[in-house]
Amino acid sequence: MDDFIAGLPKCELHLHIEGTLEPELKFELARRNGIELPYSTPEEVRAAYEFDSLTSFLVGYYAGMDVLRAEPDFYDLATAYLTKAASQNVRYAEIFFDPQAHTSRGVPFDAVIRGLRRAVMDAERRSGIRAQLIMCFLRDHSAAYAMATLLESLPYREWIVGVGLDSDERGNPPVKFAEVFARARREGYLLTMHCDVDQDDTTEHIRQCLDVIGVDRIDHGVNALDDPELVEKIRARGIGLTVCPVSNSFVTDGPKADVVRRMLDLGLRVTINSDDPAYFLAYVAENLATVADELGLTRAELAALERNAFEAAWLPRAVKDAYL
Ligand code: ADE
Ligand code: ZN
């Protein structure tokens, strides 16, 4: 089955570029930028990973980004991910980035987006992998800061396919950003939002995504399974759910792969993704292998998961059809 998974053409739709920062690159960037890390080896960095909730993960995730300071750092970060993804036969990826995690530290928006964009263009020329960028707002910051970030992105509109919402969900519902997302829609961005697993009020957040924001996709969205009305809306609208099984197993002690089986059986457009692979130690192929193992998936079911992902991708119909 591993060989089948390795050869399967893949599409990844839920991937935080900052969550692909491997400790080896972290050391290289720290050296480049004259930063002293509180660890002496990459192994020590990995040994210190201890996540048992989204909050505990986010603390290390934001701290780790401090080595990203200038355009070449973002270029190297995205190049490393795209090289790894291409080696797993990922043909197309939609990549989240968190500009506020950088602009709040004094890194210019331009350095972030220009480095990522250059990496995407070079990777396509080098290996044929295609990618588009999705700008995420940090939901634990204010709606005003998100709006300012949205406005800052407009000169780069052609380099960004859509906007998302991530970070700490507790007390930060979708409706907090209703105006920001309405404006993003008017600017032509497609819309997605995290509804993380087992956060407070997650089903209410999914309802807001569907009824108030009008999202095109939902990231995670696993708790929709608790509410048949939500399931029916998601199914009827053909909304893609970007599930991240290994990530979920780290940040919750709840179900992991079995939700994928339930979503498949309900006819939902479920897709398998890696979220923050450097931290959860699993890229998309390892996520697929985990699900295949736990559920005993057939080859046809694995292929169906990748077809779901290409269907849910933010690409023109004709481009999707060429992948399918
Ligand atoms: N930022 C990076 N990964 C995230 C996740 N899984 N949920 C919310 N915010 C994130
Ligand atoms: Zn995520």
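If you go through segment 120-145, how many residues are over 20 Å from GLU187 (Cα atoms) and open to solvent by 50 Å² or more (accessible area, probe 1.4 Å)?
So the answer is 9.
Among the residues of segment 255-289, what is the count of those that are outside any helix (DSSP H, G or I) and within 16 Å of ligand 2 (Cβ to nearest atom)?
Of the residues in that region, 11 qualify.
Okay, residues lined up against (1) crowded, with 24+ Cβ neighbours inside 10 Å; (2) closer than 28 Å to VAL175 by Cβ:
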{"residue": "GLY221", "(1), (2)": "yes, yes"}
{"residue": "ALA224", "(1), (2)": "yes, yes"}
{"residue": "LEU264", "(1), (2)": "no, no"}
{"residue": "ILE272", "(1), (2)": "yes, no"}
{"residue": "ALA282", "(1), (2)": "no, no"}
{"residue": "ALA292", "(1), (2)": "no, no"}
{"residue": "ALA304", "(1), (2)": "no, no"}
{"residue": "ASP321", "(1), (2)": "no, no"}
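For segment 38-59, what are the residues that are part of a helix (DSSP H, G or I) and among the small types (Gly, Ala, Ser)?
Step one: list which residues in segment 38-59 are part of a helix (DSSP H, G or I), which gives 42-47, 54-59.
Answer for segment 38-59, where residues must be part of a helix (DSSP H, G or I) and among the small types (Gly, Ala, Ser): ALA47, SER56.
Can you find, within segment 229-251, the residue that is farthest from GLU286 (Cα to Cα) among those that are within 16 Å of ligand 1 (Cβ to nearest atom) and touching a Lys or Arg at 6+ places or on another chain (Cβ under 8 Å)?
LEU241
If I filter segment 204-220 for residues that are out of contact with any helix residue (DSSP H, G or I) (no Cβ under 8 Å at 6 or more places or on another chain), modelled with pLDDT of 95 or more, within 16 Å of ligand 1 (Cβ to nearest atom) and not hydroxyl-bearing (Ser, Thr, Tyr), do I get at least one hit?
yes
Of all residues in segment 63-113, how many are without any contact (Cβ under 8 Å) to a residue 60 or more places away in the chain and under 15 Å from the mean Cα position of the chain (by Cα)?
Summing the residues that are without any contact (Cβ under 8 Å) to a residue 60 or more places away in the chain and under 15 Å from the mean Cα position of the chain (by Cα) in segment 63-113 gives 2.
Can you name the residue in segment 215-251 that is closer than 21 Å to GLU12 by Cβ and part of a loop (DSSP other than H, G, I, E, B) and, of all such residues, is nearest to ligand 2 (Cβ to nearest atom)?
Result: CYS244.
Can you report the number of residues in segment 256-277 which are farther than 19 Å from TYR92 by Cα, within 16 Å of ligand 1 (Cβ to nearest atom) and aliphatic (A, V, I, L, M)?
Count: 1.
The values are calculated or read from the model by the stated rules, or taken from the named source; none is laboratory data. Please read all numbers here as calculations on a predicted model, not as lab measurements. A quick note on method: Cβ atoms are made from the backbone with ideal geometry, for glycine too, and the neighbour counts reach across all protein chains shown. Surface areas here come from the heavy atoms of the whole protein model, side chains and all, with no ligands, DNA or RNA. Shrake-Rupley method; radii C 1.70, N 1.55, O 1.52, S 1.80 Å.
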